[in-house]
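Colleague: Structure provided below as structure tokens; questions to follow.
Every number in this text was worked out from the coordinates using simple rules, so none of it is lab data. Computed from a predicted model, the values in this text were never measured in an experiment. FYI the Cβ positions are ideal-geometry reconstructions off the backbone, even for glycines, and counts take in every protein chain you see.
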Amino acid sequence: MSTNNSSQAHPRGALVYYVRDVVKTRESEGVAFRLKVPSLQIAMGEKIALVGESGCGKSTLLDILAFILKPSSVGAFRFRPERDGDPLDMDAYWKAGRLNQLGDLRKRYLGYVMQTGGLLPYLTVRENMDLCRNVLGLAQDGTIEHLAEQLGIAKHLNKLPEALSTGERQRVAIGRALAHRPSIVIADEPTASLDPYAAQKIMAHFMELVEELNITVILASHAWRHIKELGLRRLHHRTFRSEDRNLTETIVSG
Amino acid sequence: MGVPLRKVFALASRDYVHEWQMSVCFVLALAAVLGPMLVLFGLKFGIVGAMIDQLIEDPGNREIRPVSSGRYDRSWLESVRRRPDVSFLVPRTRSIAATIELSSEDSSRHVRVELIPSDQGDPMLSPRGDRPEGVTRIVLSRSAAEKLQVAAGDTLDGSLARQYRGQKERVHLPLTVAAVAPARAFARDGAFVSVNLLEALEDFRDGRAVPRMGWSGDRENSIRTYPSFRLYARSIYDVAALRDAFANLGVDVHTHAAEIELVQRMNRNLTAIYWIIAVIGLFGFSLSLGASLWANVDRKRKELSVLRLVGFRTMDIAWFPMVQALYTAILGWALAVGLYLLVAGVINQMMASQLGQGQQVCQLLPHHYGIALALTCAAAVIAAGLAGLRSAHIEPSASLRDL
């Protein structure tokens, strides 16, 4: 299947991700886990939800989509961050071991929100939020202050993360993932460590911001009821366990 | 397009400062190794240096004297004098004839002095003072000058006697004090005089005529030989080679070579011991810093993964332990130098009473500090290299969670 065919075949316009027959197998202490993605297509600006209990392979898929985890085998894995650009063959990058180029793609096009903080403890909130912009060499243009205002953390900008509550740190993490205007934001259970009320508020802010900036979102969550209000497209997945429970296999498609 | 090095430096520095307790520990650990090493080297350098200085300062250490008297003629002596490792050589006349009785107007005493042959460039005489010249200008030893109560410029009467054809004869000759020699030049009553004068006195005592002095006697000696000579090597390091050269010529000489060799051997041995200690110390420091940096990579796995995630390249990440190790090296070195200066000051203060002016037991030259810094940085960079290699191989996916 050619690249052109694949994008034309999709009804929702330009594809950011085109994934076919990607498998990741992990094995430790005799217990194997396998993630299979027969087909996954994500269009530019789409808001995707990946819902499932912990251990089902959500994070594995997110890491593959963020180019920080090498798939075991690949049918096709294309990434097109720019609407007018050519799709990039991610499998070729991995096979050639061009990890620095993968890093450059992450730096330029991706924002990643982790389950807990992932903030650098030695930088202030402002510097943490500015990290991606800083390494990209983007100028100080008030973006950080504006984002902090929207996320309700403006008064914390000059503090170190250790002075902040868990919820506030998650807001900083979201701010950092958005500050450099990435094409895609990947969020791995960004509110799992928060109380439901705070979680809801933060997610609402998050969705508002990505809508405003027209960013593609891939969000993992362990419970659909937390996010069903947010208007996300839910990916389907099925998880099987072998009878001796030594093999878990998850199949995702959408 | 990697991350600019400036930014990597800035981040690594912020991390180093933020974890100041850790950083202080590293710096203290380094200073604890490097400080005593500097003191040790300072002591070695200071003590051996002072010993070598003493050897060099006293030209007597460069003297080479024949053990027994021989018969050396002018041309042989001239050939020895032309050797590049010989700085000064004058022939000696027979010592039995090399005395004279001196008297001055200010002192009633007659002083019998030994005469030492001298010439331009005599290392025992002050380089700025006047030389003995001709048959009238002589340089008195300190003790002789004191007994005669004379100073430079004063005149003396020299007199000597001989038995000639059954008659006792005495001659007088006017002498001028050209200078008074430093005390260490000659401890007894003596005078540095030209070889010409000594030859004249020897001839007179032997009953020969010395026409230029107006002394009559038998006819002049045709071929003169000398029983001995005064010789000084160019430097203390040439003494041993000269001694061996004389031994090959069949001339047994007395030298200070043994003392010089003792100091040189001590210097070599102490240097060897010092370097063994230094290498073990630096190796130990390198290992301990390496281990801490290595463990640091584990501790900071998540933070490094975050940097990886936002697009830091392999090399950018590897710079982190490198920059931080260099901070430790430079700060630890500075602290060690501070410690050294303190301890060296105390040691030198304690020893001040036993030392000459300007002498120091514990001493380092500026370039020693530079070498210490370079070695420390090298050890730190090697230690950090391993940790850097490890941090560069962090797989962000495995490290972002579970920790």
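Colleague: At 7 Å along the Cα-to-beta-carbon direction for both B:MET315 and B:ARG170, put a label point, then send me their distance in nm to one decimal.
Modeller: That separation, rounded to one decimal, is 9.7 nm.
Colleague: Could you please state, rounded to a whole Å, how far the C-alpha centre of the range B:1-54 is from the C-alpha centre of the range B:371-400?
Modeller: 16 Å
Colleague: For the range B:55-101 and the range B:263-296, what is the separation of their Cα centres, given in Å?
Modeller: 48 Å
Colleague: Please sort by residue number the GluC sites (Glu not before Pro) in the range A:45-123 whose DSSP state is loop and whose Cβ has at most 12 other Cβ atoms within 10 Å.
Modeller: A:GLU53
Colleague: If you don't mind, there's one more thing I want to ask. Springs between alpha-carbon pairs under 10 angstrom, Gaussian network model over chain B: which of B:SER13, B:SER286, B:SER79 fluctuates most?
Modeller: Comparing B:SER13, B:SER286, B:SER79 in the GNM, the peak value goes to B:SER79.
Colleague: Here is a follow-up. Taking every DSSP beta bridge with both residues inside the protein assembly as shown, roughly what % is antiparallel (nearest 5)?
Modeller: 65 percent
Colleague: In whole angstrom, how long is each semi-axis of the equivalent ellipsoid of the range A:3-253, when you take the square root of 5 times every eigenvalue of its Cα gyration tensor and sort them from largest down?
Modeller: Listed largest to smallest, the semi-axes of the range A:3-253 are 30, 22, 18 Å.
Colleague: Order the peptides A:200-208, A:91-99 from the highest to the lowest mean number of other Cβ atoms within 10 Å of their residues.
Modeller: Listed from highest to lowest mean packing, they are A:200-208, A:91-99.
Colleague: Cα-based Rg (one decimal) and Dmax (whole number) for the range B:67-147, in Å?
Modeller: 15.2, 47
Colleague: To the nearest 0.05, how large is the calculated FRET efficiency for B:LEU355 and B:GLU259 if R₀ is 25 Å and r is the Cβ-Cβ distance?
Modeller: Computed FRET efficiency for B:LEU355 and B:GLU259: 0.80.
Colleague: Run the numbers on the range A:93-165 and let me know its relative contact order in percent, using alpha-carbon pairs under 8 Å that are six or more apart.
Modeller: Relative contact order, the range A:93-165: 36 percent.
Colleague: Right, next: If Lys and Arg each add +1 and Asp and Glu each add -1, what is the summed charge of the other residues whose beta carbon sits under 10 Å from the beta carbon of B:GLY311?
Modeller: Around B:GLY311, the surrounding residues sum to +3.
Colleague: What FRET efficiency comes out for A:SER73 versus A:SER193 if R0 is 25 angstrom and r is the Cβ-Cβ distance? Round to the nearest 0.05.
Modeller: That pair, A:SER73 with A:SER193, gives E of 0.15.
Colleague: Further question on the same structure: For chain B, calculate the relative contact order in percent as a whole number, restricting contacts to Cα pairs under 8 Å that are 6 or more residues apart.
Modeller: With pairs under 8 Å counted, the relative contact order is 26 percent.
Colleague: For B:GLU114 and B:ALA32, compute 0.36 nm times the residue count separating them, minus their Cα-Cα distance, and round to one decimal in nm.
Modeller: Full extension of this stretch gives 23.5 nm more.
Colleague: Tell me, in nm to one decimal, what length is gained between B:CYS377 and B:PHE283 on full extension, where the rule is 0.36 nm per residue of separation less the Cα-Cα distance?
Modeller: Contour length minus the Cα-Cα distance gives 32.6 nm.
Colleague: Trypsin sites (Lys or Arg not before Pro), restricted to the range B:79-174: which are DSSP loop and have at most 16 other Cβ atoms within 10 Å?
Modeller: B:ARG82, B:ARG94, B:ARG109, B:ARG128, B:ARG165
Colleague: Another question, then. Rounded to two decimals, what is Rg over Rh for the range A:90-180 when you use alpha-carbon atoms and the Kirkwood radius?
Modeller: Result for the range A:90-180 is an Rg/Rh of 1.04.
Colleague: Which value, in debye to the nearest 20, gives the size of the charge dipole of the range A:3-253 about its Cα centre, when Lys and Arg are +1 and Asp and Glu are -1 at the Cβ?
Modeller: 340 debye
Colleague: Also, I was wondering about something else. Between B:VAL24 and B:ALA334, what is the label-to-label distance in nm when each label sits 7 Å out along the Cα-to-Cβ direction?
Modeller: The answer from the label model is 1.6 nm.
Colleague: For a paramagnetic label modelled at 7 Å from the Cα of B:ALA241 toward its Cβ, which residues of the range B:46-80 fall within the zone defined by backbone nitrogen distances under 17 Å?
Modeller: B:62-64, B:80
Colleague: Between the range A:141-156 and the range B:170-238, how far is it from one alpha carbon centroid to the other, in angstrom?
Modeller: 101 Å
Colleague: In vacuum, with every alpha carbon of the range B:68-251 counted as one equal point scatterer, what does the Debye formula give for log10 I(q)/I(0) at q = 0.11, 0.15, 0.20 Å⁻¹? Two decimals, please.
Modeller: With one equal scatterer per Cα and no solvent, log10 I(q)/I(0) is -0.52, -0.92, -1.38.
Colleague: Starting from the amide H of A:ALA32, placed 1.01 Å from N in the peptide plane, find each other amide H under 5 Å away whose residue is 5 or more places distant or on another chain.
Modeller: A:LEU247, A:THR248
Colleague: For the range A:3-253, build the charge dipole from Cβ charges (+1 Lys, Arg; -1 Asp, Glu) around the Cα centre, then report which of A:TYR122, A:LEU50, A:PRO38 sits farthest towards its positive end.
Modeller: Sorting the options by dipole projection puts first A:PRO38.
Colleague: What are the semi-axes of the equivalent ellipsoid for chain B, taken as the square roots of 5 times the Cα gyration tensor eigenvalues, largest first, in whole Å?
Modeller: 75, 21, 15
Colleague: Ignore the peptide's own chain and count Cβ atoms of other chains within 10 Å of each Cβ in B:308-319; give me the average, rounded.
Modeller: Counting other chains' Cβ atoms within 10 Å and averaging over B:308-319 gives 6.
Colleague: Taking θ = phi - 60°, what integer Hz values does the Karplus form 6.51 cos²θ - 1.76 cosθ + 1.60 yield along the range A:174-184, in sequence order, with x for Gly and Pro?
Modeller: 5, x, 5, 5, 9, 4, 8, 6, x, 6, 10
Colleague: Amide H neighbours of B:PHE229 under 5 Å, at least 5 residues apart or on other chains, H built in the peptide plane: list them.
Modeller: Amide H neighbours of B:PHE229, under 5 Å, 5+ apart: B:ARG92.
Colleague: Roughly how crowded by other chains is peptide B:10-16, in terms of the mean Cβ count from those chains within 10 Å of each of its Cβ atoms?
Modeller: Mean shielding count: 3.
Colleague: While we're looking at this one, here's another question. Please give the calculated 222 nm ellipticity per residue for chain A, where each DSSP H segment of at least 4 residues contributes -39500 (n - 2.57) and the sum is spread over every residue; nearest 500 deg cm²/dmol?
Modeller: -10000 deg cm²/dmol
Colleague: Within 10 Å of each residue's Cβ, count the other Cβ atoms and sort A:LYS58, B:LYS302, A:LYS159 from fewest upward.
Modeller: Ordered from fewest to most neighbouring Cβ atoms within 10 Å, A:LYS58, B:LYS302, A:LYS159 come out as A:LYS159, B:LYS302, A:LYS58.
Colleague: Work out from phi, with θ = phi - 60° and the Karplus expression 6.51 cos²θ - 1.76 cosθ + 1.60, the ³J(HN,Hα) of each residue of the range B:270-287, listed in order in whole Hz, and give x for Gly and Pro.
Modeller: 4, 4, 4, 4, 4, 5, 4, 4, 5, 5, 4, x, 5, 5, x, 5, 4, 5
Colleague: Arranged by the count of other C-beta atoms within 10 angstrom, fewest first, what order do B:THR99, A:THR216, B:THR271 take?
Modeller: B:THR271, B:THR99, A:THR216
Colleague: What's the average, rounded to a whole number, of partner chain beta-carbon atoms within 10 Å of each residue's beta-carbon in A:170-177?
Modeller: The shielding value for this peptide is 1.
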